[in-house]
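The values are calculated or read from the model by the stated rules, or taken from the named source; none is laboratory data. Computed from a prediction, not measured in an experiment: that's the story for all the values here. Using ideal geometry, Cβ is built from the backbone for each residue, glycine included, and neighbour counts are taken over all protein chains shown. Side chains are part of the model used for accessible areas, which takes the heavy atoms of the whole protein and leaves out ligands, DNA and RNA. Shrake-Rupley method; radii C 1.70, N 1.55, O 1.52, S 1.80 Å.
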Amino acid sequence: MALRVPADPRLRSLLERLDRPLYSTSVNRSGQPALWRVADILGEFEAAVDLVVDAGDLPGRLPSTIVDVSRRPFRILRQGALSIPPEALA
């Protein structure tokens, strides 16, 4: 399980209004490359999720950075858009 803080202002607004966590999947299956075409995302996940936010095709976007914070030192599981300095993982 991970915590995601989206950059998209519409999603952040939705989360503030819900005033509770929102469960979400990444737009890839574990171990598979991130999907960036809306048609591919819908083809893979539409039947399994309640909502897909269509921000258009997003080629060239880096995936989320995933950090295991369950123990110290923290460990980067996937390097993505957010760069975390090594000293922050200690």
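Numbers at a glance
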item	result
Filter result (among the acidic types (D, E) and either in contact with a Gly (Cβ under 6 Å, 6 or more places away or on another chain) or assigned to a strand (DSSP E or B) (or both)) within the range 53-90	D68
Search result, residues across the range 30-52 that are more than 25 Å from S83 (Cβ to Cβ) and in a loop (DSSP other than H, G, I, E, B)	R37, E46, A47, A48, V49, D50, L51, V52
Residues that are within 13 Å of the chain's Cα centre (by Cα) and open to solvent by 100 Å² or more (accessible area, probe 1.4 Å), drawn from the range 26-47	R29, S30
For Y23: the one exception among (1) loosely packed, with under 12 Cβ neighbours inside 10 Å; (2) touching a helix residue (DSSP H, G or I) at 6+ places or on another chain (Cβ under 8 Å)	(2)
Residue identified as farther than 18 Å from G56 by Cβ, surrounded by 12 or more Cβ atoms within 10 Å (Cβ to Cβ) and not charged (D, E, K, R) among L3, L11, L15	L15
